[in-house]
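The values are calculated or read from the model by the stated rules, or taken from the named source; none is laboratory data. Bear in mind the structure is a predicted one, so any value in this text is a computation, not a measurement. Cβ coordinates were reconstructed from backbone atoms using ideal geometry, including for glycine residues, and neighbour counts include every protein chain displayed. Please note that ligands, DNA and RNA were not included when accessible areas were found on the heavy atoms of the full protein model with its side chains. Shrake-Rupley method; radii C 1.70, N 1.55, O 1.52, S 1.80 Å.
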Amino acid sequence: MRAFISFGYYDIREQQLVGSPVILRHLLDETLRCLGRCPDVRFAGVVHTHTLPVEPSRGAPYFRMLGGERTRAELTAIAGVPAEADGDNEVLVLRPGQGAIFADRLTRFRESLTPVPSPLVASAIRFSSLSHPLWNVQVADRRFLCEGAIRQPRCGTVRVAPLSQICPELWTRAQAKGPANGSQYLDNLYHDDGALYAARMDMIPAEGVIPTPTEAVICQTDPGAGDGMLARLPLFQMSRHQALDAVRLERLLEKLAAPKPERSDEPFRARPSGPASNRVHC
């Protein structure tokens, strides 16, 4: 199976992540590290919409995507890459700027696809309590409903649509079970964040509309201590359409990448004790 890493400027969040050389290098290196955990997956290159602000890594070939719907643009670019002699028609597409790519998610997704059963298979990941639609969701009372929108007087000019209209099945489910008394009691809920999918190139039409994923593989784990910092932060639980503080993320990654000071071989020595404080904190 061939794997392609995709970077694009499809929303504000990804624009800022991909536009930063420091963050982009981290995302690329972490994704390549995760791919190294899958012995039967061959890294085939990077597809992108704009010129990336970093040099190619490990001799990776870069392929330009044309404009249009993202999945179509990616698969069209991949279709133009010569396949190897074994006729491998299965590909993985990873979008590190759209969602968290970590080792356990990728390996379990790959293990479940032997072979890829349909044209497109998505990787669904669990909502955290920070982004779960049935927790801390802003839904105003019915009396505030006006012309298809809701105005919440205590939130200024913020307007939100009622959950009953956005997702009726979730609204029905919430009414049947009642609201959770704490985030730890929320039922697991999964969604396709668009960060990882597999495709059978021989089942993708050369022209026309790309088929939507008909199957999904659920990722039931979260990033661990050995995964990249950006995967462990709640970065991808924030809005895709709101600017983030990329400068702080760059400083964090640079600090983590800085060489650690060498430990001194000098034996531990106790400091002389000073006068005892007469202050007591209650």
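When you look at C38, is it part of a loop (DSSP other than H, G, I, E, B) and buried (at least 17 other Cβ atoms within 10 Å of the Cβ), yes or no? Let's see the steps before the verdict.
Values: part of a loop (DSSP other than H, G, I, E, B): yes; buried (at least 17 other Cβ atoms within 10 Å of the Cβ): yes.
Spelling it out, C38 is indeed part of a loop (DSSP other than H, G, I, E, B) and buried (at least 17 other Cβ atoms within 10 Å of the Cβ).
From G99, G45, G68, G59, which residue is open to solvent by less than 10 Å² (accessible area, probe 1.4 Å) and assigned to a loop (DSSP other than H, G, I, E, B)? So that I can check it myself, show each step before the final result.
On the way: G45 fails: assigned to a loop (DSSP other than H, G, I, E, B); G68 fails: open to solvent by less than 10 Å² (accessible area, probe 1.4 Å); G59 fails: open to solvent by less than 10 Å² (accessible area, probe 1.4 Å).
Being open to solvent by less than 10 Å² (accessible area, probe 1.4 Å) and assigned to a loop (DSSP other than H, G, I, E, B) holds for just one of G99, G45, G68, G59, which is G99.
Tally up the residues in region 107-136 that are closer than 22 Å to T212 by Cβ, open to solvent by less than 40 Å² (accessible area, probe 1.4 Å) and not aromatic (F, W, Y), please. Outline the logic, then answer.
Filtering region 107-136 down to residues closer than 22 Å to T212 by Cβ leaves 109-110, 112-113, 115-127, 133.
With the extra rule that they be open to solvent by less than 40 Å² (accessible area, probe 1.4 Å), the set shrinks to 109-110, 113, 116, 118-125, 133.
Retained after the next criterion (residues that are not aromatic (F, W, Y)): 110, 113, 116, 118-125, 133.
Number of matching residues: 12.
Within region 170-203, count every residue that is in contact (Cβ under 8 Å) with a residue 40 or more places away in the chain and either part of a strand (DSSP E or B) or of a type in the set (V, I, T) (or both).
11
Can you name every residue in region 53-70 that is closer than 28 Å to T212 by Cα and touching a helix residue (DSSP H, G or I) at 6+ places or on another chain (Cβ under 9 Å)? Show your work before the answer.
Taking region 53-70 and keeping what is closer than 28 Å to T212 by Cα, we get 61-70.
Passing the criteria: F63, R64, M65, L66, G67, G68.
Which residues, counting only those in region 204-248, are of a type in the set (D, E), open to solvent by 40 Å² or more (accessible area, probe 1.4 Å) and touching a residue at least 24 places away in the same chain (Cβ under 8 Å)?
First pass over region 204-248, keeping only residues of a type in the set (D, E): 207, 215, 222, 227, 245.
Restricting the remaining residues to those that are open to solvent by 40 Å² or more (accessible area, probe 1.4 Å) gives 207, 215, 222, 245.
Correct list: E215, D222.
Check region 80-91 and report whether any residue there is surrounded by fewer than 17 Cβ atoms within 10 Å (Cβ to Cβ), in contact with an Asp or Glu (Cβ under 7 Å, 6 or more places away or on another chain) and in a loop (DSSP other than H, G, I, E, B).
Yes, that holds for at least one residue.
Examine region 174-197 for a residue that is at pLDDT below 90, surrounded by 11 or more Cβ atoms within 10 Å (Cβ to Cβ), over 17 Å from R126 (Cα atoms) and touching a Pro at 6+ places or on another chain (Cβ under 8 Å), and state whether such a residue exists.
no
Looking for whichever is in contact (Cβ under 8 Å) with a residue 12 or more places away in the chain and in contact with a helix residue (DSSP H, G or I) (Cβ under 8 Å, 6 or more places away or on another chain) here; the options are D40, D11. Which one fits? Before the answer, list the steps.
Values: D11 fails: in contact with a helix residue (DSSP H, G or I) (Cβ under 8 Å, 6 or more places away or on another chain).
Residue meeting the stated conditions: D40.
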